[in-house]
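Working notes, beginning with the structure itself.
The values are calculated or read from the model by the stated rules, or taken from the named source; none is laboratory data. In this text the structure is predicted, and so the values were computed from the model without any measurement. Quick reminder, even Gly has a Cβ in these numbers, built from the backbone with ideal geometry, and neighbours come from all protein chains shown. Calculation scope for accessible area: heavy atoms of the full protein, side chains included, ligands and nucleic acids excluded. Shrake-Rupley method; radii C 1.70, N 1.55, O 1.52, S 1.80 Å.
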Amino acid sequence: MTELLDPRVDFVFKRIFGSEQNKDVLLAFLNSTFIETGEAPLTEITVINTYTDKDSPEDKQSILDIKAKTVEGKLINIEMQLFNPYHMEKRTLFYWSEMYFHQIKKGENYNLLKKCVTINILNYSCLDNERYHNVFHLREDHTGISLTDDIEIHVMELTKLEQHAVPLEQGGLVNWLLFLKGIDTSNWEVLAMNEPMLKKAMDTLEFLSHDAATRMAYDARMKALSDEKSMIEGARAEGLREGKMEGKKEGLREGKEEMARELLALGVDMSAIVKASGLSEEEIRKLLP
């Protein structure tokens, strides 16, 4: 039996949800997302950056998130993150602001700006709570009134589904997320009964998994993601190491300065303090009261 590709890999995720042929799959996923937060379901969407066979998933410049627009003009960006890129919160705001900013040209009226929604699906834990689906808006701290409804950010953490059982006769977002997490295929039938459009997503994943060219592209993308993860974690480790070294240096200097102050208070000769502390005479004189 052919091993299924991982739908959490951005390249595969976009093939399943971001192609014109699977626009109905994306619409069903989005409606499960929005209905869970009390919003009205969408009737139609346009996929702005659809996946095509010309896309090269091993190319670092490939855009492997999914952008869509509703009939009212609301913009939606969906991104799958297999590995932790760090600073996710700031990264999210940056990309949301780009989406909002590029709606109008310089000099155009601000009332042309439409709501922008970011959906981040994370394969790691990010927020300090137990909810697998968190939604953020811009609200006043004390009264909860909304400043504007134009910003909406969804964070879905697949790691928080560890203890979540397969729902019985219950539609909704959790079915989609369990599929993406890679739940055993023996449970696929139940998920598809809960969310019928999931069957098409599952069929697409099986088709991609049996396609030789797709597997080659998948392997190349996995290598690129692994290399990127190694570089990020390596840079982070180096930054922590340098920070510790800098901290040690700072602590050593403070110790030298404290010694010099004590020797000055005792009236010790300047040349002796220089020799004992390792500080220059100029540095020591700056410590004088």
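Net length available on complete extension from R261 to K106 is 49.8 nm, with 0.36 nm assigned per residue and the Cα-Cα distance removed. Note on the chain: GNM, Cα springs under 10 Å; of E169, E206, E36, the largest mean-square fluctuation is that of E169. Within the assembled protein chains, the solvent-accessible surface assigned to V135 is about 50 Å², based on a 1.4 Å probe.
Its DSSP H runs of at least 4 residues, each contributing -39,500 (n - 2.57), put the calculated 222 nm mean residue ellipticity of the chain at -15000 deg cm²/dmol, to the nearest 500. For N84, project a label point 7 Å along Cα to C-beta. Then give me every residue of the range 195-232 with its amide nitrogen under 18 Å of that point. Answer for the range 195-232: 226-232.
Residues D149, D141 ordered from highest to lowest accessible area at a 1.4 Å probe: D141, D149. If you count Lys pairs in the range 66-199 whose Cα atoms are under 15 Å apart, skipping same-chain pairs closer than 8 places in sequence, the total is 8. With a cut-off of 12 Å between beta carbons, the residues surrounding R131 carry a summed charge of -3, where Lys and Arg count +1 and Asp and Glu -1.
Inter-label distance, E3 to A220: 2.1 nm, where each label sits 7 Å from its Cα along the C-beta direction. Between I35 and K275, the modelled label-to-label distance comes to 8.5 nm, taking each label 7 Å out from Cα in the direction of the beta carbon. Measuring between their Cα centroids, the range 181-202 and the range 66-92 lie 24 Å from each other. D227 exposes around 70 Å² of accessible area when a 1.4 Å probe is run over every protein chain in place.
Look at the alpha carbon pairs under 8 Å that are at least 6 residues apart: their mean separation over the length of the chain gives a relative contact order of 17 percent. Solvent-accessible surface of the chain, averaged per residue with a 1.4 angstrom probe and all protein chains in place: 59 square angstrom. In terms of the mean number of neighbouring beta-carbon atoms within 10 Å, the peptides 24-33, 81-90, 188-197 order highest first as 24-33, 188-197, 81-90.
Accessible area ranking (1.4 Å probe, heavy atoms, ligands and nucleic acids excluded), largest first, for S186, S280: S186, S280. If you roll a 1.4 Å probe over the range 85-126 with all protein chains in place, what percent of the accessible area is carbon or sulfur? Looking at the range 85-126 in its full context, I get 58 percent from C and S.
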